[in-house]
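Taken together, the values in this text are just the output of simple stated rules run on the coordinates, not laboratory data. Bear in mind the structure is a predicted one, so any value in this text is a computation, not a measurement. No Cβ is skipped: glycine too gets one built from the backbone with ideal geometry, and neighbour counts run over all protein chains shown.
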Amino acid sequence: MIQLTRRATFSASHYYWNEAWSAAENEHVFGKCANKNGHGHNYTIEVTVKGEPDAVTGFVVDLKALKDVIEEHVLSVYDHRHLNLEVPEFAKVVPTTENIAIAIWNRIEAGLLAHPTMKTAQLAAVRVFETSDIFAEYRGGKL
Ligand code: NI
């Protein structure tokens, strides 16, 4: 079993807000991130797949196909968007680095299944870097 990782970047805005809380509670918990005008990040994501290298090609997956899946299912939806306002999964879920990693996992997994040559690709991990110092990693499974 070997793992292979592809990196990609996107820029997006977000804010942190829980509708069930008062403005004061949101500001207390989320600080300046609660400003509803939002703020931006340049995100880096790392999508890791696992498997055995194909006996003929030596590939675990077709990297061009993985790139296409990432572009179609994640970047085209997230890049230069306001995550809270324009991306459906964050209409009610706070777009923290953790929740973005889970959402990207779900999008990539669906994308792999929908791609004719990627159905057997096994997703191993999704990492989301909000800055170079902070990242969240999701490996699937129960939360
Ligand atoms: Ni932020």
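Here the spin labels are modelled as points 7 Å beyond Cα on the Cα-Cβ line, and at Glu86 and Lys67 they lie 2.4 nm apart.
Just subtract the alpha-carbon distance of Glu137 and Glu25 from 0.36 nm times their residue separation and send over the number in nm, one decimal. Mind showing how you got there, number by number?
On the way: separation 112, 0.36 × 112 = 40.32 nm, distance 2.77 nm.
Full extension of this stretch gives 37.6 nm more.
Each of Val61, Val126, Asn106 was scored by the projection of its Cα onto the charge dipole of the chain, and the greatest displacement toward the positive side belongs to Val61; charges sit on the C-beta of Lys, Arg, Asp and Glu. If R0 is 30 Å, the Cβ-Cβ spacing of Asn37 and Thr5 corresponds to a FRET efficiency of close to 0.30.
With contacts taken as Cα pairs under 8 Å at a separation of at least 6 residues, the chain carries a relative contact order of 30 percent.
Please return the longest stretch of the chain lacking exposed loop sites, where chymotrypsin sites (Phe, Trp or Tyr not before Pro) count only if DSSP places them in a loop and at most 14 other Cβ atoms lie within 10 Å. Mind dumping the intermediate values first?
Numbers: sites that count: Trp21, Phe59.
After excluding every exposed loop site, the longest remaining stretch is 60-143.
Using the Kyte-Doolittle scale, which helices in the chain average at least 0.5 and also have C-alpha atoms spread 15 Å or more along the helix axis, with helices defined as whole DSSP H runs? Working shown, then result.
On the way: long enough: 97-114 (25 Å, 0.68).
What comes out of the filter, once short or polar helices are dropped, is 97-114.
When restricted to Cα atoms, region 36-105 yields an Rg and a Dmax of 15.2, 53 Å, respectively.
Loop only by DSSP, 14 or fewer other Cβ within 10 Å of the Cβ. Give me the trypsin sites (Lys or Arg not before Pro) in region 72-143 that pass, ordered by residue number. It would help to have the intermediate numbers written out before the result.
Working: sites: Arg81, Lys92, Arg107, Lys119, Arg127, Arg139, Lys142; in loops: Lys92, Lys119, Arg139, Lys142.
Those that pass, being in a loop and sparsely packed, are Lys92, Lys119, Arg139, Lys142.
Given the DSSP H assignment, sum -39500 (n - 2.57) over each helix run of at least 4 residues in the chain and divide by its residue total; what's the result at 222 nm in deg cm²/dmol, nearest 500?
Details: 4 runs with 38 residues, N = 143.
Helix contribution divided over all residues of the chain: -7500 deg cm²/dmol.
Against the 2.2 N^0.38 Å scaling, with N counting residues, where does the chain land? I'd like the Cα-based Rg ratio to two decimal places. Mind dumping the intermediate values first?
Numbers: Rg = 16.6 Å, N = 143, 2.2 N^0.38 = 14.5 Å.
With N residues counted in the chain, Rg over 2.2 N^0.38 Å equals 1.15.
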